[in-house]
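The values are calculated or read from the model by the stated rules, or taken from the named source; none is laboratory data. Given the structure is predicted, the values throughout are model-derived calculations rather than measurements. Positions of Cβ are backbone-derived with ideal geometry, glycine not excepted, and every protein chain shown enters the neighbour counts. For accessibility, only protein heavy atoms count, side chains too; no ligands or nucleic acids. Shrake-Rupley method; radii C 1.70, N 1.55, O 1.52, S 1.80 Å.
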Amino acid sequence: MPKKPTTTRDAMIEGAFQLIREKGHESLTARNLAAFLGCSTQPIMYQFPNLDMLRDLVYQKADAFHSEYILAGGDLLEIGMRYIRFAEEEPQLFRFLFQSGRFSGLRLEDLIKAPEAADLLTVVSAEEGLATEGAALFFEPLAALVHGYASLIANNGMRYDPASIRESLTLIEEGIRKGKNSND
């Protein structure tokens, strides 16, 4: 009877997630993952002959982790603040999710209308009393601002200052709301 593998597929996915979380997405190689897990590269290459397959599974795990983190905020302002704080607390995961080339060629509008953003648009719709299309238009400038802050923080271009960021987000949100109401 063949020996049961000691490094399971799930352990490899979890290990790759932790490796990226600690050292960045560029560090995900079979050799680095094997060293991280304390095994040879053979079981990794057996389970994932193409590391892109593993990278996709880890991306899904990281995306779910990120979504759960930000959606715990409740209202739109807190979701935005949590998105930015995630970049401060988990810069390697943030860069893996949003700056590893996965969205090349897409527009912000495409990302906002993607199925992964449906929960966010539901929050916007409920808070603002808007249909999905109106919620997307309301949310787009806020998303750009929040992502800009998060990107600067994740890449050490800006210090995380929650009070200042909250003030900016509140002002922008109020301005968008005023603009929306004057167009009605």
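Calculated [222 nm] ellipticity per residue, helices only, for the chain: -23000 deg cm²/dmol; basis is -39500 (n - 2.57) per DSSP H run with n ≥ 4, divided by all residues, nearest 500. For the peptides 86-92, 127-133, the ranking by packing is 86-92, 127-133, with the highest mean count of neighbouring Cβ atoms within 10 Å listed first.
Pairs of lysines in the chain whose Cα atoms sit within less than 28 Å of one another amount to 5, provided the residues are eight or more positions apart or on different chains.
Dipole orientation for region 1-152: of the candidates Phe86, Ser151, Tyr46, Tyr46 has the Cα lying most toward the positive pole (charges on Cβ; Lys, Arg +1; Asp, Glu -1). Taking K and R as +1 and D and E as -1, what net charge do the other residues with C-beta under 14 Å from the C-beta of Arg95 add up to? Taking every other residue near Arg95 into account, the sum is -2. Between helix 162-183 and the chain there is an angle of about 50 degrees, using the helix long axis and the longest principal axis of the Cα atoms. Accessible surface area normalised per residue over the chain is 56 Å², counting heavy atoms of protein chains with a 1.4 Å rolling probe. Could you tell me the distance between the Cα centroids of region 127-184 and region 74-121, to the nearest Å? The two parts, judged by their Cα centres, are 13 Å apart.
Placing unit charges on the Cβ atoms only, positive for Lys and Arg and negative for Asp and Glu, gives region 47-147 a dipole magnitude near 380 debye about its Cα centre. Given R0 = 22 Å, the distance between the Cβ atoms of Met45 and Lys23 translates into a calculated FRET efficiency of 0.65. Along its principal axes, the chain has C-alpha extents of 73, 33, 29 angstrom, given from the largest down.
Each Lys or Arg adds one and each Asp or Glu takes one away; over the other residues whose Cβ falls under 15 Å from the Cβ of Glu109, this sums to -2.
When the residues Ile20, Ile13 are ordered by accessible surface, computed with a 1.4 Å probe over the protein chains alone, the sequence from largest down reads Ile13, Ile20. In terms of packing, defined here as the mean over residues of other Cβ atoms within 10 angstrom, the peptides 59-70, 138-149 line up highest first as 138-149, 59-70.
Computing Rg and the Kirkwood Rh from the Cα coordinates of region 70-177 gives a ratio, Rg/Rh, of 0.95.
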